[in-house]
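Presented below is the structure to which this report refers.
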Amino acid sequence: MSHETTAAGKRFQITPVRLLVGGILLLGLIVTFLRFTQGLGAVTNLDHNTPWGLWITFDLLCGVALAAGGFVTSAAVYIFGLNKYHSAVRPAVLTGFLGYALVVLALTYDVGIPWRLPYPFLVQPGPSSFLFEVGLCVALYLTVLFLEISPAGLEWLGKSRLRKIVVKMTLVLTILGVVLSTLHQSSLGGLYLIVPSKLHPLWYSSYLPLEFFVSSIVAGLSMVIFEGALSYRFLGHKMDREHIQHKDDLAIGFAKAGSLVLAGYFFIQLTGLAADNDWSYLGTGYGAWYILEMGGFVALPCLLFALGAREKNVRLIRWTAVLAVLGIVLNRFNVSLVAFNWHLASDQRYFPSWMEFVISIFLVTLGVLAYTFVVTRMPVLYEHPEYAEE
Amino acid sequence: MQDFSTLHEFMSFSKGLTYVLMGVMLVALGGLWTFLTSRDEEE
């Protein structure tokens, strides 16, 4: 079903995908209007037991972890000198920038009085709080990511002098990105250290900050592999020879790293269990769920990444990247929703309203649209001919 | 759940197991590294 209409002199085809995207945007705008005119109570199922719901779990915790590809890739290239992955830096940094921008946008939905979002910096700083550190790091890192991706925009706009200044700052920005990411990725886990009585012992551990940081590296590596595959499939015509030539090497190299980091993450989780002597919980229903998370979404992708990298099976690596991403998403859902308030009766437990789902899907759609808008216009998946020699 | 009469007993057990796990991890990560890189070296 597609009929044609004209817009700004160009033929614009209405396809089922565009209709779906249009429907999501329209519904998202309606719920946004309700949220900002009627308040949180009108659109969410949040209550005093669960003041942080789907928007924090998915839009913030998952969003921040999955946007880690930016610092992982730029650190690999500019700090560890793995120049063969250079073509992956811009797409990864762009995904990181859009991811963090959407995290901040999502926070305006979730903070009761959204225009007070800058209060921790301007009015009431709480420098001893993990949340203050997360807020500060996210704000600074968003600025760093903007500067890191700005050469693409400046090349597109033809501002070569300004671009030259920003490019000279690349190493400093990369180091800043790594420092800020280390701080806030771990602090997001640190936020849950104050709820030992609310979070199930299998997920609660004094190693939570370390677990969040290490798993964010897995998320970053896997997202770069996954996103690279999607870009090649849907935007392959925008890629230059270097991108296409190196895409398989990138997947194999990142799969090796992913396998090692996942193995480390698995042992950190085991260490948490051993240090708190939580073994007996493994025989319960929550234990089965934990074993599924650790076995199916940590140990399995670790082995599959290793097999894929050894056999140079890029197809296996790409599917494993999806599994690993799902594993990180599952972990964030478990820590902040499923295993949170586990003592409460089921009728008192939180389940998101349909409007919360709409906003989360709306924000992801905005991210995909923004990514497509940028990569179809700016030199992200290809080198700008004027600067190809650099 | 295993019974512990004193904090010392608990710490000895949990820390002891953690140290054993650390040893296993060192060996396992070494093995994984060999598995990942051995074919590259052959090539």
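So here's what we get for this one:
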{"read-out": "One residue from B:Leu7, B:Leu32, B:Leu17, B:Leu26 being within 19 Å of the chain's Cα centre (by Cα) and more than 7 Å from every other protein chain (Cβ to nearest Cβ)", "value": "B:Leu26"}
{"read-out": "Those residues of region A:202-259 which are of a type in the set (A, V, I, L, M, F, W, C) and not in a helix (DSSP H, G or I), in sequence order", "value": "A:Leu202, A:Trp203, A:Met239"}
{"read-out": "Of the criteria (1) part of a helix (DSSP H, G or I); (2) under 26 Å from A:Ser360 (Cα atoms); (3) touching a residue at least 60 places away in the same chain (Cβ under 8 Å), which one A:Ile317 fails", "value": "(2)"}
{"read-out": "Scan of region A:235-259 for residues that are within 11 Å of chain B (Cβ to nearest Cβ) and either under 20 Å from the mean Cα position of the chain (by Cα) or basic (Lys, Arg) (or both), ordered by number", "value": "A:Ala255, A:Lys256, A:Ala257, A:Gly258, A:Ser259"}
{"read-out": "Residue tally, condition in a helix (DSSP H, G or I) and either β-branched (Val, Ile, Thr) or over 22 Å from A:Thr73 (Cα atoms) (or both), over region A:154-188", "value": "15"}
{"read-out": "Test: residue in region A:146-157 that is surrounded by 23 or more Cβ atoms within 10 Å (Cβ to Cβ) and farther than 20 Å from A:Glu242 by Cα", "value": "yes"}
{"read-out": "All positions within region A:298-322 that are more than 18 Å from A:Gly253 (Cβ to Cβ) and touching a Gly at 6+ places or on another chain (Cβ under 8 Å)", "value": "A:Val298"}
{"read-out": "Residue match in region A:7-24 (condition: touching a Phe, Trp or Tyr at 6+ places or on another chain (Cβ under 9 Å), surrounded by 14 or more Cβ atoms within 10 Å (Cβ to Cβ) and touching a residue at least 24 places away in the same chain (Cβ under 8 Å))", "value": "yes"}
{"read-out": "Among the residues listed as A:Tyr78, A:Tyr109, the single one being within 24 Å of A:Val218 (Cβ to Cβ) and either assigned to a loop (DSSP other than H, G, I, E, B) or not small (Gly, Ala, Ser) (or both)", "value": "A:Tyr78"}
{"read-out": "Residue under evaluation A:Val218, criteria (1) within 14 Å of another protein chain (Cβ to nearest Cβ); (2) modelled with pLDDT of 95 or more, criterion not met", "value": "(1)"}
{"read-out": "Residue satisfying condition, being at pLDDT 90 or above and either of a type in the set (Ser, Thr, Tyr) or in contact with a Phe, Trp or Tyr (Cβ under 7 Å, 6 or more places away or on another chain) (or both), within set A:Val138, A:Val166", "value": "A:Val138"}
{"read-out": "Failed item, numbered, when A:His243 is tested on (1) at pLDDT 95 or above; (2) buried (at least 21 other Cβ atoms within 10 Å of the Cβ)", "value": "(1)"}
{"read-out": "Test result for A:Gly287, closer than 11 Å to A:Leu202 by Cα, part of a helix (DSSP H, G or I) and within 14 Å of chain B (Cβ to nearest Cβ)", "value": "yes"}
{"read-out": "Subset of region A:264-282 (residues that are within 8 Å of chain B (Cβ to nearest Cβ) and either touching a Ser or Thr at 6+ places or on another chain (Cβ under 6 Å) or surrounded by 22 or more Cβ atoms within 10 Å (Cβ to Cβ) (or both))", "value": "A:Thr271, A:Ala274, A:Ala275, A:Asn277"}
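Yes/no matrix, rows are residues, columns are (1) of a type in the set (Ser, Thr, Tyr); (2) within 23 Å of the chain's Cα centre (by Cα); (3) modelled with pLDDT of 95 or more; (4) in a loop (DSSP other than H, G, I, E, B):
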residue	(1), (2), (3), (4)
A:Ser2	yes, no, no, yes
A:Thr5	yes, no, no, no
A:Phe12	no, no, no, no
A:Val17	no, no, no, no
A:Gly23	no, no, yes, no
A:Leu27	no, no, yes, no
A:Val31	no, no, yes, no
A:Leu34	no, no, yes, no
A:Asn49	no, no, no, yes
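The values are calculated or read from the model by the stated rules, or taken from the named source; none is laboratory data. Remember, predicted model here, so these are calculated numbers, not experimental data. All Cβ positions, even for glycine, are placed from backbone atoms using ideal geometry, and neighbour counts span all protein chains on display.
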